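Here is the structure we will look at, set down as structure tokens.
The values are calculated or read from the model by the stated rules, or taken from the named source; none is laboratory data. What you see is a predicted model, and the numbers here were worked out from it, not measured in a lab. Counting neighbours? That spans all protein chains shown, and the Cβs are built from the backbone with ideal geometry, glycine included. What goes into the accessible areas is simple: the full protein's heavy atoms, side chains included, and nothing from ligands, DNA or RNA. Shrake-Rupley method; radii C 1.70, N 1.55, O 1.52, S 1.80 Å.
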Amino acid sequence: MSSSQVKLMIDGNTLEAPRGMLLVDAALRAGIDVPVFCYHPKMEPVGMCRMCLVEIGRPSRDRQSGEFLLDENDQPIINFGPNLETACTTRIDEGWVVYINSERALEGQKQIVEFLLTSHPLDCPVCDKGGECPLQDLTMLHGPGISRFSFHDKMNSLKRVALGELIILDRERCIQCARCIRFQEEIVDDPVIEFSNRGRSLEIVTFSEPGFDSYFSGNTTDICPVGALTTSDFRFGSRPWELNAAASICPHCPVGCNIILNTRREVKMGGSEIVKRVLPRQNEMINEIWICDKGRFAYSYAMDSERLSQPMIRVGGELEETSWDNALKVAAEGLKQSGANLLGLAGGRASNEDLYNFKQLIQGLDGVSMLNDFMAGGKQNQQIGLGPGSNLGDLGVGDAIVVIASDLLEEAPIWWLRVKQAAERGAKLIVANARFTKLEKYSAHTVRYSFGDAPETVLGMLHYVTGDSSLNKYAKVDGQEESARIIKEATNAVLFMGSEGSDSESSKRLVQACGSLLAATEHIGKANNGLIPVWLKNNTQGAWDMGLTPPEKHLAEEFRDRTALYLMACDPFGDNPEMLQELPQDAFVIVQELFHTPSVDRADVVFPAQSFIERDGTLTSGERVVQLFYPAVSPHGESLPDWKILARIGALLGVAMESTSAAGVMNRIAEDIEDYGEIHYRELMNREDQWPPVGGKQIYFGGTAYENSQGIGIRLSSRAQRGEAYEPVWKESPKKPKGEGIRIVPIVKLYDQGTTVLPSLLLAQRIGQPELVIGQEDADRLLLQNGAQVEVQWNGTAHQFPVAIDNDIPEGIVLLPRNRQLGLEMPMACNLTPVKPTSKEKGE
């Protein structure tokens with residue numbers, strides 16, 4: 001036994017565990033349960049509820065030698081203290097004897113349950129937590145059969161307190177364990193709920209506006225050990241034992257959070273199975289046991305009644321519903337007649353199987369296939385991305401993390417959380433951006449550059465690493481030299497690269513510069529080192545891996561002179577209505593979509609696609625982890641999975657494709673694409689033991705997050721990790737034209753106005769209306785105040801927005817959240833004109 005291990009006895013069982021481990025954890029690792037309410041293995045112990053009271057005997061030691069004192073049988077003399085002790089705050093040592101289930105310990109646990117029930121309502125038959133409630137379970141094990149307290153002494157508290165529109169508090173059920181408060185303070189650093197009052201009047205309140213203003217609020221309902229906190233979408237909606245559970249992957253960002261879709265048949269839906277709630281599914285390599293509120297609440301789009309349900313073809317200028325056979329026939333004939341000048345454009349929210357078949361079909365028809373995106377980095381991620389053995393949870397002292405051109409909290413909240421936690425463990429965090437982001441609070445170093453100068457900022461760091469004199473001109477920003485030193489000296493380094501402030505060309509230069517920096521500091525080709533692109537869509541990396549890349553020219557130029565256009569999982573005419581003018585009027589257009597979008601209005605044939613809740617498939621995260629998702633409900637209408645639609649068209653046109661199953665398509669991918677050579681559905685169902693244990697019998701310990709029994713995915717190896725040489729390359733930045741005026745920069749907001757978020761009524765208040773963020777200098781020059789209306793013109797279009805003034809925004813720059821139908825994808829010049837208030841508005 002190593003010096004770091006100790007031997008102790010718990011309820012007659014001898015076990016070994018690391019010295020200093022909490023007793024509650026050591027016992028559970030040995031298969032011995034300790035009842036807890038306030039303790040959670042992801043948070044610091046506080047010993048508030050006292051439910052984990054146990055007897056602890058410690059061996060007597062000689063005061064001079066420190067050796068154990070022995071009895072007449074040469075056994076250590078064990079001394080038990082006069083009081084029971086909390087297992088959640090006590091760290092183990094050599095030779096202890098612990099009793100968890102002794103008569104004395106059980107009596108202590110029984111008394112605690114009795115105290116907790118003095119004012120707790122006995123409403124288990126109607127409580128949302130019934131069936132997955134630690135208090136219910138532990139009351140059955142340890143609670144008294146009757147109460148000794150008078151009913152008239154019971155505290156009567158409010159039964160329905162809206163902490164916000166997402167989370168409801170039942171104060172009468174709360175046992176003041178503070179798990180929710182501590183999660184908000186310790187884990188996500190959003191201390192927006194707190195205790196108020198004292199004694200038996202102690203209660204949880206929120207001080208934020210809007211209430212419980214946090215992107216992670218839903219997680220508090222998972223770890224609440226009673227029915228005090230519930231989500232608005234699930235409250236009184238079902239009983240846990242009535243629910244089916246399907247494993248899935250969150251479709252909203254490139255993190256790839258593991259989730260569970262709980263479903264149930266509903267009478268009001270004609271007996272159809274619908275999603276009742278979304279819960280996290282444990283994957284300590286990806287999202288641990290947490291998900292953000294967008295992933296938890298923005299699922300209703302998949303069940304929206306406005307979804308496309310039948311194929312449509314254009315007849316006499318109008319779209320009419322038709323049969324699948326007829327629609328497929330019209331599509332095949334249209335593609336035949338249009339010739340080889342076909343453009344296929346796919347979005348990054350489609351699955352790998354969809355994207356692979358899309359590429360095969362367009363290629364088989366001698367067309368050109370592209371990804372509807374502008375951000376570069378997919379190729380470099382294949383070469384120098386994180387490989388097997390990597391886990392952001394392993395980063396700490398001696399490691400470095402760089403985040404550039406990205407607001408991780410808005411773009412990928414769980415990555416933000418994991419990077420924050422790595423910094424708190426001791427990793428040196430470098431945040432480089434043109435504006436303040438919340439991640440800077442945890443950074444060891446901040447680099448502030450001008451909007452559009454991200455590539456030059458990284459090249460300046462490269463100068464300090466390599467000493468290359470040709471890069472000296474880029475070493476002009478405070479913090480570059482120190483950042484370069486931190487990266488160079490780090491044991492491991494991970495670089496998150498976003499696209500904020502970038503256009504297609506500067507994004508290419510940025511990823512080249514980032515790759516060169518990682519290569520020069522030898523942070524490629526090994527675990528916990530490399531690049532992570534912060535994509536705008538969940539499966540953009542999968543699209544790159546399937547052979548789809550962004551257009552080299554502006555997308556409008558690609559549309560010109562096309563005889564046919566095939567759109568899948570994207571809406572270019574909704575994103576930018578001006579694009580309609582670039583496509584020839586006689587071009588034949590096919591659209592595969594979920595909703596009736598502006599692109600559908602231009603289509604000659606429309607195919608209804610299945611959403612992620614209705615089908616299976618795989619997604620590849622920004623960390624290049626391939627993960628499998630499963631069907632949860634029956635298909636909407638006559639919709640089909642994208643890969644099958646493509647295969648059926650291919651069959652009519654003589655393009656052979658896999659058409660039997662998504663698993664079969666993945667087998668084709670494994671044959672054709674080297675990086676996916678070992679990826680098959682059976683391997684993706686792999687599972688492993690994870691800590692902490694959650695769900696099921698351990699629901700009281702880790703919460704209601706589901707244990708992962710359906711597959712944790714496979715991390716692809718990078719080419720550098722396989723021994724392929726990486727040739728660093730970087731381009732000289734072009735001279736920026738000197739000119740006056742204002743540039744509008746699109747930024748990401750978590751709650752955007754996209755088709756996957758807008759149908760969620762729960763999030764309506766959080767979405768709000770887009771605001772134009774402007775600096776104080778420009779606001780003063782234009783005589784603007786907060787809330788004033790301003791007209792913004794770009795690309796020949798005009799829009800009005802309210803103004804929000806931010807002192808951190810430099811002169812000549814305004815920010816606007818990305819928003820469909822605004823036609824704003826990359827930074828561009830704009831004109832601002834204050835809107836004069838009407839006489840009615842002046843009177844108000």
Among beta bridges assigned by DSSP with both residues in the chain, the antiparallel ones amount in percent, to the nearest 5, to 60
Karplus-derived HN-Hα couplings along the stretch 75-88 (A = 6.51, B = -1.76, C = 1.60, θ = phi - 60°), whole Hz, x at Gly and Pro = 10, x, 7, 9, 10, 9, x, x, 10, 5, 10, 7, 5, 7
Assigning unit charges at the beta carbon (Lys, Arg +1; Asp, Glu -1) and nothing else, what dipole magnitude in debye, to the nearest 20, does the chain show about its Cα centre?
-> 740
Return the subset of Lys537/Lys697; Lys379/Lys537; Lys129/Lys276 for which the Cα-Cα distance in this structure is over 25 Å, preserving the input order.
-> Lys537/Lys697
When the accessible area of the chain is split by element with a 1.4 Å probe, what percent falls to carbon and sulfur?
-> 48
So which chymotrypsin sites (Phe, Trp or Tyr not before Pro) in the stretch 136-237 pass both tests, a DSSP loop state and at most 11 other Cβ atoms within 10 Å of the Cβ?
-> Phe236
Expressed as a rounded percentage, what relative contact order does the chain have, with Cα pairs under 8 Å and six or more residues apart?
-> 13
How would you classify the stretch 452-579 from its alpha-carbon gyration tensor, with a ≥ b ≥ c the square roots of the eigenvalues: rounded for a/c under 1.5, else prolate if a/b is greater than b/c, otherwise oblate?
-> prolate
Asserting the computed 222 nm helical MRE of the chain (DSSP H runs at least 4 long, -39500 (n - 2.57) per run, divided by residue count, to nearest 500) equals -6500 deg cm²/dmol
Considering the values (1) 146, 130, 61; (2) 84, 80, 67; (3) 97, 70, 70, which represents Cα extents along the principal axes in Å as calculated for the structure under consideration?
-> (3)
Note down the nm distance, to one decimal, between modelled labels 7 Å out along Cα→Cβ at Trp241 and at Ser450.
-> 6.8
Applying the gyration tensor rule to the Cα atoms of the stretch 1-72 (axes a ≥ b ≥ c; rounded if a/c under 1.5, else prolate if a/b exceeds b/c, else oblate), the class is prolate
Solvent exposure of the chain as accessible area per residue, Å², 1.4 Å probe = 41
Step through the residues of the stretch 175-187 one at a time and calculate ³J(HN,Hα) from phi using the Karplus curve (6.51 cos²θ - 1.76 cosθ + 1.60, θ = phi - 60°), rounding each to whole Hz and writing x for Gly and Pro.
-> 10, 6, 7, 6, 4, 5, 5, 5, 4, 5, 7, 7, 7
Indicate the gyration tensor shape class of the stretch 378-534 (rounded, prolate or oblate), computed on the Cα atoms with a ≥ b ≥ c the square roots of the eigenvalues: a/c under 1.5 is rounded; otherwise a/b larger than b/c is prolate and the rest oblate.
-> rounded
Would you list which aspartates and glutamates come within 12 Å of Lys473, measuring only between C-alpha atoms, while excluding same-chain residues fewer than 8 positions from it?
-> Glu456, Glu732
Just from the alpha-carbon atoms, what are the Rg and Dmax of the stretch 153-303 in angstroms?
-> 16.2, 53
Name the lysines eligible as straight-distance cross-link partners of Lys441: C-alpha to C-alpha under 26 Å, and not fewer than 8 places from it in the same chain.
-> Lys42, Lys294, Lys420, Lys428, Lys476, Lys488, Lys749
Radius 13 Å from Cβ of Ile430, net charge of other residues (Lys, Arg +1; Asp, Glu -1) = -2
